[in-house]
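The structure under discussion appears below in the form of structure tokens.
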Amino acid sequence: MLSHIIFLGLFYTVLAVLSATVALSLFRAAQDFRARRAEAICWQATFPDLPARERVCRHEFTGEFAHRTCDRAFDCRECQTHAALVAERPPDAAPLPREADVFGLEFPLDRFYHRGHAWAHPQPDGTVTVGLDALGARLVAEPDAIELPAVGSHIQSNGAAWHVRKRGADVRILSPLDGEVVATSDSQNGWYLTVKPDGGQLDARHLLRGAEIRPWIAREMERLQSALAPAGQAPTMADGGVPVDDIAAGYPDADWDAVCSEIFLQP
Amino acid sequence: MTAITPKPARYGMAIDLDRCTGCGACMIACAVENNVPPARPEATPRTGITWMRVYQISNGASFPDTRAAFIPILCQQCGKDTPCAAVCPQEAVETDPATGIVDQMPQRCLGCRYCMAACPYHARYFNWWDPQWPAGMEKTLNPDVATRMRGVVEKCNFCHGRLHTARARAAAGGRRELHPGEYVPACVEACPAAAIVFGDLDDPASEVARLARDGQSFRLLEKLGTEPKIYYRTARPWVRQAAAQQRPASEPPERRLRAGLPAPQGSGQKEPAHA
Amino acid sequence: MPKVDSQLMPRGVRRSTPRQFLLWILPWCALLAFGLYGAGLCLVKGLNQTNMDNRFAFGLWIFVDLTVIALGAGAFFTGFLLYILKKRELKAVINSAVVIGFICYSGAVAALLVDVGQPARFWFTFWHPNVHSMLTEVTFCISCYLTVLFIEYIPIVLKNRKLRQVPSFLVFEFELHKLMPVLAGVATFLSFFHQGSLGGLYGVLRGRPFAFREGFAIWPSTFFLFILSAAAAGPAFILLTTWLVSKISGKPLVRPEVLPLLGRISGILLVPYILLKSIDTLVWIDSTSPARGFAAYQYYAWKPFGPWILFAEIVAFGLLPALILLRRRLRESPAWLLSAATLVCLGIALNRFVFTIQTLALPTLPFDPFMSYLPSWQETATFLAVVAYGVLLYSFSFRYLTLFPQEKDLSC
């Protein structure tokens, strides 16, 4: 009788543990949705699936580390290493040039850039405009379709800000901030979204700015060249000239979805 | 059915190999009593159902010294660490403490055949086909015994149905105990040479208990420690050596004996060399 | 159609064209259909369609079941090493290992349902369990473990490129992944017991002195030997399958240090296994078998199972690959590594064969002949159906899911 109890007891325990595991996961998932953590989690869950070359830490760009991969999905707001480095080496007091020119692309330095090539530009009235940087814009120039979020909806940092479709590529542009969308526009105004940031002010700790832009874009151009090279061939480097306005048109045979996923960080 | 609780018995058999003529009446009686279905045309000696099965052995000598003996093998009703009961995952094998009979429940059997791998006496049989009786033969079925379905294991249970009938008759007569001989399995009843003695091994007065203690009696595969309740008796040394001894160490036994089972194709077994 | 197909594939990796893929899966589908027909015959007409009989109650299917379950042990063992012992390098193969484990166990269970005489009664074991029977333990454990494997397979599926766009799938997958060490722990516990009980199935057979072993408490030595051999075979099988998939797909799937690591793990586990197996064999020859009236060497008097089979199992397929896999220089040569891994897997198959087939072939009664058995075409077909099912499931998983996370890094 005792052996009967031990045997069945063990198995019921195992089944209970399994059911509890699945139930707990479902419960926690429901909680995540209620707490509006779902988008951040989606990004965190898929971030490790990005190739290692896409997960380079921003402090490798600026030379503070020889080799470092980000292990927190580019969320520098919570990163102790980032906080320590910023405290240790505060930025130069000298004023920066108005814009950086990297390989002929213009990057105004009055705004903050997300690794996914969206920028956030704080406006005097407290809102923040969000747009696509020079590189991103050239990748999805003359898109087949743009899906902007509804006015009044909420976007989350590292979540999807808006969707673009271009020649078979279905791209979601990552949002640089948390906030409520107060206005949308096509890119004729230079921006796509105007957002009222959560907490009244833009938290830009996880966004790139100033001297980080040049080394970052230099690497992005390298990655773009690799992505555009036909499979199996070595990448070729241009030896001058500005990238054309519509890069897709210049590479009719390239798998545009793969190229865009590479640059816009879609795993 | 009956409310009597007789004194616990330990039923066993003593089979006299010197009396067994190999006629096979026990095999037929067993099949008839227990509703064993007739073998399909495609059945082989290894797929047929024979709860009672008579093996033939010979002493391997050439004429005129050839001698044969017959060994009826049935479920040995192992009394200790019963191999089949220990391994059945569904507890479809039960030893009845009142009788010592190892009972098989085909209704609960899953057909995994683990018990068949476990039984060293190969006394368990599987229904490889759906049991089928030719038209008209269903009239010969014994109403006291349930038929089985395909895909389950079955074996000798000392004609348990006859035990129930005997107990009912005794109860109707106001008795608690069965008279000796009131309950005999079909094979015992059918044997024309009276080679099989059946009874309660724990009853010191019974014939079977006396025979079991006799020096001529032995059991198969004793060293395995399964305490079988079938005792075999012979005065012939070569029979005893062939059946009681464990596997001979010097040469493969097939060269000295020939079992009753025809060798299947390609088994690599040679015909016995003539000594 | 190709557009939809390519949208289901992981990003950043190359896959064959839909036409190439179709050409690949069609023969396997044909084999599956043929195999299902054979299995169907066994289910409809009865087990007389096989060549099993009252003497060979277990045949090809049981041998194959035990072998694939031992080879599929890579799933639990890799999970144990990764999630419990934190060996991060194995992240490269864990997804593939889980899929292979799922294929092995689901295939084995499917074959078992055809093998038993009354498949609809499968639940009897759960309702009337005989807690003293090794087969009860196997049934419970394997059912639970298949559930665990299914739960571990779900996150891999949910991370499919199209499915992960559904936020609730991804969030659930994320939360489930946080609890993966729990699942890995349960999987290890269950695997320990069922791999062992499969060995125990034969070690407890008092009626078969060839298989019977003494042991520790209720567990015969074969219980522990089967666990060790499965743990050694698992990584070797993952090594082989990873290499094979890499060869067939023509792409590098893991970094170069991963396969030698798997080989080293296998080698490390083989050493205690060979040692304990040798001791166990000597004890069996010297005392266990003779005590039950059977001198051990007479088992090997029957062709074709001569003493070579012992030598093959312990030395040729055990000690030899262990020595190869423990030398770094040899591990880093693909030819040596793969040969050694193949020997390990063959050794495990031979061990399972000896216990399932040789045990039943050898006579127990003094006047019994040696039995032989060859599977019927229906049995072989059923086995091939399981193989075809495995190849198809793996092919679809490889095409549409990320089985090898390092592939993206290696494909640029």
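Rule-based calculations on the coordinates, nothing more; no lab input. On a predicted model such as this, the values are computed, not experimentally measured, just so you know. Note that each Cβ is placed from the backbone with ideal geometry, even for glycine, and that neighbours are counted across all protein chains shown.
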| task | Show me A:142-151, C:381-390, B:194-203 ranked by packing, highest mean number of other Cβ atoms within 10 Å first. | result | C:381-390, B:194-203, A:142-151
| request: Rounded, prolate or oblate: pick one for segment A:39-263, where a ≥ b ≥ c are the square roots of the eigenvalues of its C-alpha gyration tensor, a/c under 1.5 means rounded, and failing that, prolate if a/b is larger than b/c, else oblate. | output: rounded
| said: Restricted to Cα positions, what overall size does segment C:350-412 have along the principal axes? Three whole-Å values, descending. | reply: 69, 25, 13
| note | Each label sits 7 Å from Cα toward the beta-carbon; between A:A183 and C:D286 the label points are separated, in nm, by 9.2 nm
| query | Do any of B:K155/B:K229; C:K91/C:K162; B:K80/C:K277 go past 26 Å between their Cα atoms, and which? | reply | B:K80/C:K277
| request: State the percent of C-alpha pairs, over all pairs in segment C:1-130, separated by a distance greater than 16 angstrom. | output: 76 percent
| field | Charge sum, other residues only, whose C-beta stays under 15 Å from C:T241's C-beta, Lys/Arg counted +1 and Asp/Glu -1 | value | +1
| Expected 222 nm ellipticity per residue - DSSP helices of 4 or more, -39500 (n - 2.57), all of chain C, to 500 | -20500 deg cm²/dmol
| task | Enumerate the residues in segment A:48-65 having an amide nitrogen under 13 Å from the point lying 7 Å beyond the Cα of C:H177 toward its Cβ. | result | A:48-51
| field | Shielding by partners - mean other protein chain Cβ count within 10 Å, residues of A:19-26 | value | 5
| note | One finds the C-alpha centres of segment B:164-199 and segment C:85-126 to be spaced, in Å, by 52 Å
| query | Which values of log₁₀ I(q)/I(0), to two decimal places, follow from the Debye formula for segment C:278-400 at q = 0.15 Å⁻¹ with a uniform point scatterer at every Cα? | reply | -0.94
| task | Quick one: compute the contact order of segment A:39-263, relative version, from alpha carbon pairs under 8 angstrom and 6+ residues apart, as a percent. | result | 21 percent
| query | In what sequence, highest mean first, do B:219-231, B:39-51 appear when ranked by Cβ atoms within 10 angstrom? | reply | B:219-231, B:39-51
| field | Dimensionless Rg ratio for the protein assembly as shown, taking C-alpha atoms and the 2.2 N^0.38 Å reference | value | 1.23
| task | Pop out the Kirkwood hydrodynamic radius of segment B:1-149 from its pairwise C-alpha distances, inverse of mean 1/r, in Å to one decimal. | result | 17.7 Å
| In peptide C:203-211, how many Cβ atoms from other protein chains are near each Cβ within 10 Å, on average? | 6
| remark: Rg/Rh of segment C:2-403 (Cα atoms, Kirkwood Rh), to two decimals, equals 0.97
| message | Need one number: nm distance between label points at B:D103 and B:E207, each 7 Å from Cα along Cα→Cβ, rounded to one decimal. | response | 2.7 nm
| request: Could you tell me whether segment B:159-217 comes out rounded, prolate or oblate from its Cα gyration tensor? Rule is a ≥ b ≥ c as square roots of the eigenvalues, rounded for a/c under 1.5, then prolate if a/b exceeds b/c, otherwise oblate. | output: oblate
| said: Which of B:M116, B:M137 has the fewest other C-beta atoms within 10 Å, and how do the rest follow up to the most? | reply: B:M137, B:M116
| Highest average packing first - C:209-222, C:53-66, Cβ atoms within 10 Å | C:53-66, C:209-222
| task | Please give the calculated 222 nm ellipticity per residue for chain B, where each DSSP H segment of at least 4 residues contributes -39500 (n - 2.57) and the sum is spread over every residue; nearest 500 deg cm²/dmol? | result | -5000 deg cm²/dmol
| request: Compute the label zone of A:F33 within segment C:154-190: residues whose backbone N is under 18 Å from the point 7 Å along Cα-to-Cβ. | output: C:155, C:158-159, C:163-177
| For the pair A:R77 and A:D246, what calculated FRET efficiency results from E = 1/(1 + (r/R0)^6), where r is the Cβ-Cβ distance and R0 = 35 Å, to the nearest 0.05? | 0.50
| Per the helix-only calculation at 222 nm, which mean residue ellipticity applies to chain A, given -39500 (n - 2.57) for every DSSP H run of n ≥ 4 and division by its residues, nearest 500 deg cm²/dmol? | -10000 deg cm²/dmol
| field | 10 Å Cβ neighbours from other chains, averaged over peptide B:120-129 | value | 5
| request: Report, to the nearest 10°, how far helix A:213-228 tilts away from the longest principal axis of the Cα atoms in chain A, using its own Cα long axis and a range of 0 to 90°. | output: 80 degrees
| message | Just want to confirm a number: the relative contact order over chain C, from Cα pairs under 8 angstrom separated by 6+ residues, in percent. | response | 31 percent
| Mean Kyte hydropathy of -0.5 or more with a Cα span along the axis of at least 27 Å, helices from DSSP in chain C | C:18-45, C:91-115, C:134-158, C:180-203, C:221-249, C:258-283, C:334-353, C:377-400
| remark: Taking a label point 7 Å from the Cα of C:A217 along Cα-to-Cβ, the residues of segment A:1-44 whose backbone nitrogen sits under 14 Å from it are A:2-8, A:10
| query | In terms of the Cα gyration tensor, with a ≥ b ≥ c the square roots of its eigenvalues, is segment C:217-341 rounded because a/c is under 1.5, prolate because a/b exceeds b/c, or oblate? | reply | prolate
| task | Could you name the aspartates and glutamates whose alpha carbon sits less than 14 Å from that of C:K45, not counting residues in the same chain fewer than 8 places away? | result | B:E42, B:D130, C:D115, C:E379
| said: Translational diffusion coefficient of chain B at 37 °C, 0.692 mPa s, Stokes-Einstein with Kirkwood Rh over Cα pairs, in µm²/s as a whole number. | reply: 165 µm²/s
| task | Find how much the distance from C:L23 to C:W127 grows on full extension, using 0.36 nm per residue of separation minus their present alpha carbon separation; answer in nm with one decimal. | result | 32.8 nm
| message | I want to check the label-to-label distance for A:F65 and C:K86. Put each point 7 Å from Cα in the C-beta direction and report it in nm to one decimal. | response | 1.8 nm
